[in-house]
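One structure below.
The values are calculated or read from the model by the stated rules, or taken from the named source; none is laboratory data. Everything numeric in this text was worked out from a predicted model, so none of it was measured. Backbone-built Cβ (ideal geometry, glycine too); neighbour counts: all protein chains shown. Please note that ligands, DNA and RNA were not included when accessible areas were found on the heavy atoms of the full protein model with its side chains. Shrake-Rupley method; radii C 1.70, N 1.55, O 1.52, S 1.80 Å.
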Amino acid sequence: MTSATLTIDLGALVRNWQSLDARSDGETGAVVKANGYGLGAPVVGRALARAGVRSFFVATAEEGTVLRAALGQGPEIFVFSGHMANDTKPIREGGLVPLLNSVDQMLRHVEALPGAPFGIQLDSGMNRLGMEPAEWSAVRDIAIAQGPQLIMSHLACADEPGHPMNAHQLAEFRAMTDGLDVPRSLAATGGTLMGPDYHFDMTRPGVGLYGGLPFVDAVPVVTLDLPVIQVRDVAQGETVGYGNVWTAPRDSRIATVSGGYADGLIRAMGPRATLYAGDTPCPVVGRVSMDLITADVTTLDRDPGYLQLMGRHQSVDTVADAAGTIGYEILTSLGLRYHRSYVE
């Protein structure tokens with residue numbers, strides 16, 4: 001098989017959710033936006049629903065439509081982008097719960113879908129989505145009278161527990177919501193790990209479910225094996241790949257594997273990336289190209305059939321570090337050419 005194999009361990013995914021669920025007394029939802037962080041929202045969503053998840057979060061109504069088709073009726077599907085101008089039909093047909101971000105969205109929702117469920121997103125200091133304190137104060141009584149299912153906000157610095165922004169946002173969120181008889185949610189993965197002050201009625205982990213930081217105790221979910229297309233001898237002084245950026249310091253054996261930046265393997269990782277043949281590290285040499293990566297396999301006693309990028313020896317965040325980015329970007333960039341294999 002020429003295509004790389006992306007193996008997704010649904011059992012590990014569920015164990016990560018269960019571990020995060022055990023950290024709070026309230027409900028634990030699951031964020032499955034961006035096609036389940038690149039791993040397939042329908043399959044990921046069904047596995048989490050079987051494990052007991054009843055509240056899911058997506059970025060857009062279109063994502064909610066796909067997830068509803070996979071889950072059927074029953075679980076709640078919250079939409080972070082709220083009720084956009086063309087969202088009325090998918091919200092109605094999918095039974096989605098938009099998290100309204102502005103007075104304009106609130107008016108659109110109650111006029112287009114009177115009596116339909118909704119939630120509220122507040123801006124506690126991130127300045128990205130949600131109603132700001134003054135805006136919320138002006139419409140709070142009207143909004144509460146309409147019966148929102150959830151009030152939420154989002155932390156900007158939850159991956160740094162000691163950052164003063166966390167306490168600031170917690171105080172702002174409490175100031176805007178204390179005393180209201182509506183379920184509240186502030187914590188994604190990082191907030192869940194910061195303890196009960198941030199948990200409120202529902203936590204909504206995302207990246208931690210998929211094995212990413214800041215959940216250091218996460219069970220790895222993703223394995224990525226890249227098939228070797230060709231192995232060749234390269235003499236000392238010869239170069240490999242575009243731009244002649246790597247020159248063989250010795251007579252070397254170089255493997256070319258199927259995978260590249262068209263598959264979400266970011267070009268910038270080349271000089272610092274490592275592939276593995278079993279337990280043996282094989283440094284990437286030359287540039288990561290669109291479809292191919294070259295690695296030094298000189299120390300191996302035989303030519304490998306495949307090399308592993310993510311798995312037992314390397315997490316998604318290790319790969320992200322090599323590329324100068326974060327695990328979220330690696331996961332959500334995983335391309336369409338992989339053969340996806342799901343295991344329980």
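Points worth noting:
- Segment 209-236: number of residues that are without any contact (Cβ under 8 Å) to a residue 60 or more places away in the chain, more than 30 Å from PHE57 (Cβ to Cβ) and open to solvent by less than 50 Å² (accessible area, probe 1.4 Å): 2
- Residue match in segment 240-251 (condition: farther than 30 Å from ALA187 by Cα, among the polar types (S, T, N, Q) and in contact with a strand residue (DSSP E or B) (Cβ under 6 Å, 6 or more places away or on another chain)): yes
- Residue within segment 328-338 that is within 30 Å of ARG50 (Cα to Cα), among the β-branched types (Val, Ile, Thr) and open to solvent by less than 10 Å² (accessible area, probe 1.4 Å) present: yes
- Considering ALA22, ALA12, the condition of being open to solvent by 40 Å² or more (accessible area, probe 1.4 Å) and of a type in the set (A, V, I, L, M, F, W, C) is satisfied by ALA22 alone.
- Of the residues making up segment 64-107, just one is of a type in the set (D, E, K, R) and assigned to a loop (DSSP other than H, G, I, E, B), namely ASP87.
- Scanning segment 301-310 turns up one or more residues that are under 24 Å from the mean Cα position of the chain (by Cα), open to solvent by 10 Å² or more (accessible area, probe 1.4 Å) and not charged (D, E, K, R).
- Candidate set from segment 259-291 (those that are open to solvent by 20 Å² or more (accessible area, probe 1.4 Å) and in contact (Cβ under 8 Å) with a residue 60 or more places away in the chain); member that is nearest to VAL319 (Cα to Cα): ILE266
- Any hit, segment 103-112, residues being farther than 18 Å from GLY206 by Cα, touching a Lys or Arg at 6+ places or on another chain (Cβ under 9 Å) and either free of Cβ contacts under 8 Å to residues at least 60 places away in the same chain or open to solvent by less than 50 Å² (accessible area, probe 1.4 Å) (or both): yes
Okay, residues lined up against (1) over 23 Å from GLU27 (Cβ atoms); (2) charged (D, E, K, R); (3) part of a helix (DSSP H, G or I); (4) open to solvent by 20 Å² or more (accessible area, probe 1.4 Å):
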position	(1), (2), (3), (4)
GLY115	yes, no, no, yes
GLN121	no, no, no, no
ALA134	yes, no, yes, yes
ALA138	yes, no, yes, yes
PRO161	no, no, no, yes
ALA167	yes, no, yes, yes
